[in-house]
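See below for the structure under consideration.
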């Protein structure tokens with residue numbers, strides 16, 4: 001993260017020295033993938049659910065741009081201008097004619113390259129943290145537009161809860177959810193590249209003879225029974241409708257994921273699926289007790305490096321300091 005030549009100062013007072021925002025991970029309870037479009041993207045029907053694994057993004061006034069990170073996967077986080085949080089700070093600064101002179105710190109708890117939108121969450125957190133620190137008071141709709149410029153999953157990280165994503169996933173419609181759903185996330189060693197998983201999805205479709213282009217693959221639509229399960233808070237009904245069109249591609253690239261999925265279901269999960277582009281596997285549970293038992297069994301199975309029970313839906317990017 002290099003220093004900008006711009007020298008204008010942020011508006012407002014300078015009393016607030018640090019702002020911290022908490023941002024959730026996500027699971028895709030439905031990820032239906034259309035064919036490859038001429039623009040290089042795939043149309044999606046993407047049902048997001050935010051879950052209670054969080055990164056914290058802190059923004060502190062500084063004389064030059066700086067990014068640091070801590071947490072279990074901190075060594076895997078790029079600390080240069082390729083980081084989405086850095087790009088978010090620069091984008092917001094450009095929008096308001098400011099220098100991006102901020103120290104961003106990522107306290108990492110969401111798996112890196114794990115299919116849970118950790119990088120997107122960091123970008124959304126950086127936007128909200130910098131907007132608060134710099135007192136730029138960007139309207140929420142404009143923040144969502146900036147999120148969409150940064151990546152398909154970033155707007156949902158700001159919104160949280162549950163939502164249907166259309167287009168590339170960035171066009172969001174909030175969804176009604178009743179009650180709490182219990183999950184266990186089995187975290188794999190290493191990550192998977194989202195573009196690589198999409199390419200493998202296209203390759204598998206071509207190999208199956210169905211074609212991979214937008215003219216060959218039906219337009220994706222949300223499943224009415226899945227949306228009804230969310231509205232009703234019915235875990236059994238939701239388990240019966242979980243879907244991820246990227247799962248065969250993720251398992252093709254990482255065959256060991258099949259063993260993880262089998263281990264979770266054998267340990268008592270209602271259902272399991274690869275989260276997003278993987279390699280994290282998500283298991284839907286009946287309650288907190290069964291989630292704790294399944295997490296222990298997954299760890300004992302040796303098919304993952306960590307197993308984390310949690311719940312959803314969770315709130316989106318939330319200011320935690322200052323209150």
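Here, each number is a calculation from the coordinates, and none is a lab measurement. Being a predicted model, the structure only gives us computed values, none of them experimental. We place every Cβ from the backbone using ideal geometry, glycine too, and count neighbours over all the protein chains shown.
Okay, helix-only estimate at 222 nm for the chain: each DSSP H run of n ≥ 4 adds -39500 (n - 2.57), divide by all residues, round to 500 deg cm²/dmol; what do you get? Each step should come with its number before you reach the end.
Numbers: 10 runs with 108 residues, N = 323.
Value at 222 nm, helices only, nearest 500: -10000 deg cm²/dmol.
What residue among 215, 85, 113 has the largest mean-square fluctuation in a Gaussian network model of the chain, using Cα springs under 10 Å?
Of 215, 85, 113, the Gaussian network model singles out 215 as fluctuating most.
Helix 288-301: angle to the longest alpha-carbon principal axis of the chain, degrees 0 to 90, nearest 10?
80
Compute the Rg to Rh ratio over the chain from the alpha carbon atoms, using the Kirkwood formula for Rh, and round to two decimal places.
Working: Rg = 19.7 Å, Rh = 20.0 Å.
Ratio of gyration radius to Kirkwood radius for the chain: 0.98.
Please give the contour-minus-distance gain from residue 75 to residue 149: 0.36 nm per residue of separation, less the Cα-Cα distance, rounded to one decimal in nm. Working shown, then result.
Working: separation 74, 0.36 × 74 = 26.64 nm, distance 2.64 nm.
24.0 nm is the gain from fully extending residue 75 to residue 149.
For a footprinting-style exposure proxy, rank 280, 210 by other Cβ within 10 Å, fewest first.
Details: 280 30, 210 11.
Ranking 280, 210 by Cβ neighbours within 10 Å, fewest first, gives 210, 280.
Would you order 281, 147, 201 from fewest to most other beta-carbon atoms within 10 Å of each residue's own beta-carbon?
Details: 281 31, 147 27, 201 22.
Listing 281, 147, 201 from fewest to most nearby Cβ atoms yields 201, 147, 281.
May I ask you to compute the full-extension gain from residue 210 to residue 39, defined as 0.36 nm times their residue separation minus their alpha-carbon distance, rounded to one decimal in nm? Spell out each step's value before the answer.
Details: separation 171, 0.36 × 171 = 61.56 nm, distance 2.04 nm.
Full extension from residue 210 to residue 39 adds 59.5 nm.
Calculate the translational D of the range 13-93 in whole µm² s⁻¹ from Stokes-Einstein, where the hydrodynamic radius comes from the Kirkwood formula applied to all Cα pairs, the temperature is 4 °C and the viscosity 1.567 mPa s. Write out the running numbers ahead of the final one.
On the way: Rh = 15.9 Å.
Estimated via Stokes-Einstein, D reaches 81 µm²/s.
Angle between the Cα long axis of helix 256-266 and the longest principal axis of the chain, 0 to 90 degrees, nearest 10?
With both axes taken from Cα atoms, the answer is about 70 degrees.
Using a Gaussian network for the chain with springs between C-alpha atoms less than 10 Å apart, which of these wobbles most: 232, 75, 50?
Evaluated over the chain, the most mobile residue of the options is 75.
Just the C-alpha atoms of the range 181-312: what Rg/Rh do they give, with Rh taken as the Kirkwood radius?
Numbers: Rg = 15.5 Å, Rh = 15.5 Å.
Rg/Rh for the range 181-312 comes to 1.00.
Mind telling me which of 126, 291, 93 comes out most flexible in a GNM of the chain, alpha-carbon contacts under 10 Å?
Result: 93 has the largest fluctuation of those listed.
Among rounded, prolate and oblate, which fits the range 150-204 when a ≥ b ≥ c are the square roots of the eigenvalues of its C-alpha gyration tensor, a/c under 1.5 means rounded, and a/b larger than b/c means prolate?
Details: a/c = 2.15, a/b = 1.32, b/c = 1.63.
Cα axes put the range 150-204 in the oblate bin.
Classify the range 240-279: rounded, prolate or oblate, from the alpha-carbon gyration tensor (a ≥ b ≥ c, eigenvalue square roots; a/c under 1.5 rounded; otherwise prolate if a/b is larger than b/c)?
Values: a/c = 2.67, a/b = 1.29, b/c = 2.07.
In terms of gyration-tensor shape, oblate.
Taking Cα atoms, how many degrees apart are the long axis of helix 84-96 and the longest axis of the chain, rounded to 10 and kept between 0 and 90?
Rounded to the nearest ten degrees, it is 40.
Per residue, how big is the convex hull around the C-alpha atoms of the range 110-241? Give it to me in cubic angstrom, could you? Write out the running numbers ahead of the final one.
On the way: hull volume 20.2 nm³, N = 132.
Looking at the range 110-241, the number lands at 153 Å³ per residue.
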